[in-house]
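The values are calculated or read from the model by the stated rules, or taken from the named source; none is laboratory data. Note that the structure is predicted; figures quoted are calculated from it, not measured. Because the Cβ atoms are built from the backbone with ideal geometry, glycine has one as well, and the counts that use them run over all protein chains shown.
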Amino acid sequence: MQTSVTFRHMEPSDPLKQYVVEKLQRIRKFFPDPIRAQIVLSLERYLHKADIIITLHNGLAIKGKELTEDMYAAVDLVMDKIERQVRRYKDRINSHRPASGPELLVHYEVMAPVEERAESAEVAPASEAAEAAFKVVKSSKFFAKPMSVEEAIMQMNLLGNDFLVFTNADTRDVNVVYKRTDGNYGLIETGRSAE
């Protein structure tokens, strides 16, 4: 297994790195194929954070993150979380075959409201004031991979996300699956307009 351990805001520790690598070996009993793991261990104020992303041979990714007062406990908790996810989806993960088709580039932005100044609101036209009400605080790009709706829901749960943008393998359109507050899943389908 190809592993990458990164330490942020803390001193690198060989015993901690070895502990993480040993814990990752638990995943090999489910997936003997070569897989890649990216581990980020960081200290945020007084809390220790373990963030692990495991990429499987078939392209699926499993993600877990934990925050505790002890780094070893954070590693144990995140690996327990990942192992539960793997057990839940083991059969579907093993039978998953990546769909062929184009991967579409998606640009994702997080915006936060900007406090408006009273004098600028009086001078600027209403359209400019509406545009200036938000600023981009985070921006990222990723590829919407082709998959079925069921695979997209599984991938979203494995990543621990609330939504996932993907290319529908059947229609080749961009779709979004998301978790609803009632515990169900929603699907947003895009398509070409009828002309």
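Here is a check on your reading of the model: is H57 under 23 Å from I153 (Cβ atoms) and modelled with pLDDT under 95? So H57 passes the test. Of the strands (runs of 3 or more DSSP E) lying entirely inside the stretch 1-62, those carrying at least 3 residues that are surrounded by 14 or more Cβ atoms within 10 Å (Cβ to Cβ) and under 18 Å from the mean Cα position of the chain (by Cα) are 36-44, 47-55. Scanning the stretch 62-85 for any residue that is of a type in the set (G, A, S), in contact with a strand residue (DSSP E or B) (Cβ under 7 Å, 6 or more places away or on another chain) and modelled with pLDDT of 90 or more turns up at least one such residue.
Every residue, every condition in (1) modelled with pLDDT under 90; (2) under 15 Å from the mean Cα position of the chain (by Cα), yes or no:
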| site | (1), (2) |
| --- | --- |
| E122 | yes, no |
| S127 | yes, no |
| S140 | yes, yes |
| A169 | yes, no |
| T181 | no, no |
| N184 | no, no |
| G191 | yes, no |
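Hey, among the residues in the stretch 149-167 that are modelled with pLDDT under 90 and assigned to a loop (DSSP other than H, G, I, E, B), which one's nearest to I93 (Cα to Cα)? That would be G160.
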